[in-house]
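Report on the following structure.
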């Protein structure tokens, strides 16, 4: 297997743990396990489940991060053809593990999508719930309605396995895809109704999933504009926050608590975006500060995103000096988790602030770091 050979070649280098970024080393060791069919549930934010992304987004960060780390190792990533061969020839039970490792190390979503299309019938008939969710997410990120087939089959499989939380997650992916990728509001509304009346009430974690529901409904309301859409969406997001807070008062499962805290941070960021629409900048800044304090305490993997959000609110408030400080922190936090997209966006925010402050030399240095695709820390 080409990807396995690449990973093993790196890990076999003498004292490699002293030469590599710790986050990249984590990704390599996780991928090594995945390629052996070993599940790796307990992963840090530096090794995200790209193919289980709630936002079903297209990702490129992984490749940039890997290329930065192997610059001095005289190694090249496997080609798309080689990765395709790995996945085309894989046993169906091993396929989702290889897809996960491929996304984590190479970010080659195009090749994963190609394999998913070629093996569609096999995945639908014999693939696991995870394989179907991953395949649906990849298709959604590529703007393909094949995602519907995979998410619906994931829901069906979860129903047959009597796993209501997996059923709800499948509906969530399907609804978000219909809203964000294809703006199919009528069908999204139908699915939201099924989720509300038939599925969420069955879960012992229904309070948390109702928060997720409120968050999705808020997104739908904002997207399908009406005179009351803004205040309605804000109401739904505030409700979501309250539901999560209530859920946390009685939830004792560490995994579910962590998930709830993560959702709470995402709802806060959505609230920030909503307040920006109405130019409520002081309110926006207040929410961003509270969210940063929250994730520092309860959801440290999302500190980078929280710093980015705060830096943006400071920029909007024309608080450029503090925005520079926060943007530097944002850059460094994104570097820690190997998120190239976040590093690039944070450097762009730095450039904007430097230009406002008349600091053109500093802005030029940041621009060069972007061109170099650099993961150099800010001082």
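Bear in mind these aren't lab numbers, they're just calculated from the coordinates by the rules spelled out. On a predicted model such as this, the values are computed, not experimentally measured, just so you know. Please note: Cβ atoms are built from the backbone with ideal geometry, for glycine as well, and neighbour counts cover all protein chains shown.
Could you work out the Rg to Rh ratio of region 82-209, with Rh taken as the Kirkwood radius (inverse of the mean 1/r over all Cα pairs)?
With Rg and the Kirkwood Rh in hand, the quotient comes to 1.00.
Under a point spin-label approximation (7 Å from Cα along Cα-to-Cβ), what is the residue 29-residue 318 distance to one decimal in nm?
Calculated label separation equals 5.1 nm.
Under the √(5λ) rule applied to the eigenvalues of the Cα gyration tensor, what semi-axes describe the equivalent ellipsoid of region 1-84? Give them in Å, descending.
Each semi-axis is √(5λ); the values are 20, 15, 14 Å.
Most exposed first by the Cβ proxy, i.e. fewest other Cβ within 10 Å, how do 36, 207 rank?
Working: 36 11, 207 20.
So the residues, fewest neighbours to most, are 36, 207.
Project the alpha carbons of region 301-351 onto their principal axes and report the range along each, largest first, in whole Å.
Between the extreme Cα coordinates on each principal axis of region 301-351 lie 29, 19, 13 Å.
Kindly rank 98-109, 293-304, 320-331 from highest to lowest mean number of other beta carbons found within 10 Å of each residue. All intermediate terms of the calculation are to be shown ahead of the outcome.
Numbers: 98-109: 25.0, 293-304: 17.7, 320-331: 21.9.
Ranking, from highest mean packing down: 98-109, 320-331, 293-304.
Given the -39500 (n - 2.57) contribution per DSSP H run of 4+ residues, what per-residue ellipticity at 222 nm results for the chain, rounded to the nearest 500 deg cm²/dmol? Don't skip to the end; give the middle numbers.
Details: 20 runs with 266 residues, N = 379.
Value at 222 nm, helices only, nearest 500: -22500 deg cm²/dmol.
Could you rank the peptides 82-89, 4-11 by their average count of other C-beta atoms within 10 Å per residue, with the highest value first? The partial results should precede the final answer.
Values: 82-89: 18.8, 4-11: 16.6.
Most protected by this proxy first, the peptides run 82-89, 4-11.
Round to a whole angstrom and tell me the spacing of the C-alpha centers of region 317-342 and region 210-229.
Measuring centre to centre over Cα atoms gives 29 Å.
What is the extension gain from residue 341 to residue 163, computed as 0.36 nm multiplied by their sequence separation minus the C-alpha to C-alpha distance, in nm to one decimal?
Numbers: separation 178, 0.36 × 178 = 64.08 nm, distance 3.45 nm.
Gain on extension, residue 341 to residue 163, equals 60.6 nm.
If N is the number of residues in the chain, what value comes out of its Cα radius of gyration divided by 2.2 N^0.38 Å? Write out the running numbers ahead of the final one.
On the way: Rg = 21.3 Å, N = 379, 2.2 N^0.38 = 21.0 Å.
After normalising by residue count via 2.2 N^0.38 Å, the value is 1.02.
Say R0 is 41 Å: what FRET efficiency, to the nearest 0.05, do residue 38 and residue 362 get from their beta-carbon distance?
0.35
Just 18, 282, 180 to compare: in a GNM of the chain, with alpha carbon springs under 10 Å, which one fluctuates most?
Sorting by GNM fluctuation, first place goes to 18.
May I ask you to derive the FRET efficiency for residue 254 and residue 281 from their Cβ-Cβ distance with R0 = 35 Å, giving the value to the nearest 0.05?
For R0 = 35 Å, the calculated efficiency reads 0.40.
Quick one: 217, 77, fewest Cβ neighbours within 10 Å first, how do they rank? Walk me through the intermediate numbers first.
On the way: 217 24, 77 18.
Fewest-to-most Cβ neighbours within 10 Å comes out as 77, 217.
Cα centroids of region 293-308 and region 72-146: how far apart, whole angstrom?
Going from one Cα centre to the other spans 30 Å.
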